[in-house]
Structures are given as C-alpha cells and as structure tokens.
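The values are calculated or read from the model by the stated rules, or taken from the named source; none is laboratory data. Fair warning: this is a prediction, and the values are worked out from it, not measured in the lab. Glycine also receives a Cβ, built like all others from the backbone with ideal geometry; neighbour counts cover every protein chain displayed.
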Amino acid sequence: MGGGALRSTASSLMRRIGRMAHSTRRGSPPTEPPRYSHTAGTNKKPRIPLGRVLFKPLIGGTAITGAAFVAAAYYEQNWSIFDHMINKIKADPIATFISHGGRVSAKEAFLAFRYGVIKPWELDIYVFLAMSSLVILLRKRPRFHSFIRRNFEHRPASGVIRTMFTSALSHSTMMHALLNTWALVLIVPSVYLNGSPSEFWAFCSGAAMFSSLGSVVQMLLTRRAILGVGASGVIMALLAMSTFLNAQFDRALIRFPFFDLTSAQLLIAVMALDVAVAVMCVSRGWRLRSHAKRLFGALFGGFYFFKGQHLQEDLRSHFRLTSMLKKP
C-alpha cells in the first residue's frame with residue numbers, strides 16, 4: 001500500500017472516531033447540572049422566593065390596611081353608632097325642602113340623597129358595581145388588556161401589592177359582578193350600620209388584602225399558579241361579620257318557600273365546601289381557583305368582630321382625647 005493510500009485510510013479512520021465521540025457526548029448527560037438551575041439533575045420542584053411572594057405582600061398589605069383604619073378613625077373620631085339614625089332624622093326634612101324647590105348646600109344635598117332618598121349603604125354598593133362594570137368594559141377593549149392584567153388581576157407569584165386590593169373589583173363576566181353585588185345587598189346592611197362609612201371601606205380593603213394572602217398560601221402549598229379575581233373574599237368577611245353580629249344566629253338571609261337560610265348556615269356550608277376543595281387541591285393537585293381566598297376572608301371577618309372593632313374604637317378614643325387636649 002502506498003503512502004498516499006495509507007494517509008487517506010488513517011484520515012478516514014480519525015474522522016470516523018471523531019464522529020463517534022461527538023455523538024457519544026451529545027447523548028450522554030452532563031457531568032454536573034447548570035450553575036443557575038434549581039431542577040437540573042434532580043426531581044425537586046423549583047424554589048419559590050418567599051421574600052417576594054409572601055413577606056413583601058404581607059408587610060406591605062398590612063401597612064396599607066393599617067393606614068386605612070387609622071385614617072378612618074381620625075376622620076370619624078366623633079362617630080357613634082347612633083349617627084346613622086341622627087343623619088336620617090336630619091335628611092328627611094332637607095329632602096322635603098328640596099322637593100319643594102328650596103336651595104341647600106352641596107353637603108346638605110348629599111346628606112339628603114344618601115339618607116333621605118336611598119338607604120345609606122346603597123350608595124357604597126352602587127359605587128362597587130360601577131367600578132366593577134368599568135373594569136369589565138375595559139377588559140373587553142384589546143388596548144386595555146395589559147393594563148387590566150397589571151393592575152386588577154392578582155397573581156400571587158408576582159408579589160405585587162396593589163392587586164391584592166384592586167382584584168376585588170375585577171370579575172370575569174358581568175354576571176359574576178351582578179351575583180357578587182346581590183350578595184352584598186343581602187349582607188352589607190347589618191355590617192354597615194354597625195360602624196362608620198370610612199370604617200366599612202377600611203374593613204373591605206383589609207378583607208381584600210387578607211383573602212389575597214389565602215391565594216398566596218394555596219399557591220405555596222400546591223406549587224401551582226393561581227389567578228385571583230373577584231370580591232368573594234370580601235363577601236365572606238362581611239358574611240362572617242354579619243353572622244357574629246347576630247347573637248342568636250337566626251337571621252334569615254335568603255327566604256325559600258319551605259325554609260329560611262340563615263347567615264350562620266350559609267357561612268358554615270361555604271366554609272366546609274372550601275375546606276374540602278382546598279384539601280383536594282393540595283393533596284390531589286386539582287387545578288381550581290383559590291378557595292383559600294374565601295376561607296381567609298371569613299377568618300378576617302371573625303377576627304375583626306372579636307378584636308378589630310375594639311381596636312378601632314380605641315383608635316377613635318385616642319384621637320378624640322388628643323383633640324380635646326389640644327383645645328385651649
């Protein structure tokens with residue numbers, strides 16, 4: 001065999017060995033996992049940054065809720081449980097005077113409308129329905145999709161604080177918003193008359209924040225992404241508060257032809273359903289919306305009845321005493 005043939009054979013053999021080595025390297029697993037991968041080479045689920053997902057929303061949301069209650073106590077430091085009745089007595093003659101063509105100030109006209117024309121809590125429900133309807137209308141416009149997702153849909157994994165509050169105004173459909181509004185019409189009156197208007201809105205903001213924490217807890221337990229929208233957590237907090245305000249637990253919430261459904265029965269039934277579904281979501285990996293949101297909302301309502309409203313009254317007393325000491 002000549003030198004040229006020998007060199008050609010050696011070159012062909014080296015190329016074949018090189019191709020075999022390259023294919024072996026491609027098929028074999030890497031000797032060590034990538035530096036920044038949490039899952040390569042293992043069966044572990046990715047780690048969730050608790051600081052961003054849990055502690056940041058917890059601290060920020062609690063601070064905002066506390067500021068809302070402090071502002072409500074300061075603004076209505078002289079409020080008493082009889083003020084709704086007093087305002088009603090004041091509003092009726094003003095409404096009669098206006099109906100006869102009399103002129104009054106804007107403040108008196110607002111008082112006459114809120115207590116003389118409609119019931120005091122109805123205005124708050126109308127505001128909720130109007131804001132929820134606006135969010136639904138904006139959602140239907142493609143140019144506002146990203147705005148709604150960023151500001152009115154709570155994604156627990158994002159760690160965003162503002163959506164913990166604003167997601168209560170976001171509903172998937174108009175029927176969803178109307179059902180929540182109907183629930184508010186049934187539940188709100190007893191809770192609203194127990195406190196001041198500002199305290200009512202502070203309570204709703206606290207319920208929205210705390211129920212959103214329920215979505216975070218469910219996400220941490222199931223390791224599945226959850227989208228939080230709707231006012232179900234706030235409604236459950238109001239239902240719990242309304243139930244505990246009725247000491248006999250016999251207030252009929254919904255009347256049927258053959259029986260009455262009390263607020264206590266509805267609260268127990270919904271909480272039992274949510275506990276069962278939440279357990280199945282954790283143990284079986286069901287992909288359902290956050291039922292922990294309603295559970296945490298009910299817990300907030302119970303906490304506020306037994307402890308929160310007394311703290312709020314202490315805040316009012318503090319501001320009243322401070323104002324008296326400042327007077328000459």
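Within region 210-226, which residues are part of a loop (DSSP other than H, G, I, E, B) and either among the charged types (D, E, K, R) or within 13 Å of His291 (Cβ to Cβ) (or both)? Steps first, please.
As a first pass, look at region 210-226 and keep what is part of a loop (DSSP other than H, G, I, E, B): 223-226.
Those that are part of a loop (DSSP other than H, G, I, E, B) and either among the charged types (D, E, K, R) or within 13 Å of His291 (Cβ to Cβ) (or both): Arg223, Arg224, Ile226.
Taking region 19-78 as the range and being at pLDDT 50 or above, touching a Lys or Arg at 6+ places or on another chain (Cβ under 7 Å) and assigned to a loop (DSSP other than H, G, I, E, B) as the test, the residues that pass are Lys45, Gln77, Asn78.
Residues that are surrounded by fewer than 19 Cβ atoms within 10 Å (Cβ to Cβ), in contact with a helix residue (DSSP H, G or I) (Cβ under 6 Å, 6 or more places away or on another chain), of a type in the set (A, V, I, L, M, F, W, C) and modelled with pLDDT of 85 or more: does region 220-234 have at least one? No, there is no match, as no residue in region 220-234 is surrounded by fewer than 19 Cβ atoms within 10 Å (Cβ to Cβ), in contact with a helix residue (DSSP H, G or I) (Cβ under 6 Å, 6 or more places away or on another chain), of a type in the set (A, V, I, L, M, F, W, C) and modelled with pLDDT of 85 or more.
Among the conditions (1) at pLDDT 90 or above; (2) on the phi > 0 side of the Ramachandran plot, the only one that Ser167 does not satisfy is (2).
Checking the conditions here, which among Met241, Met219 is over 13 Å from the mean Cα position of the chain (by Cα) and over 23 Å from Lys56 (Cα atoms)? Walk me through how you get there before you give the answer.
Numbers: Met219 fails: over 23 Å from Lys56 (Cα atoms).
Only one candidate qualifies: Met241.
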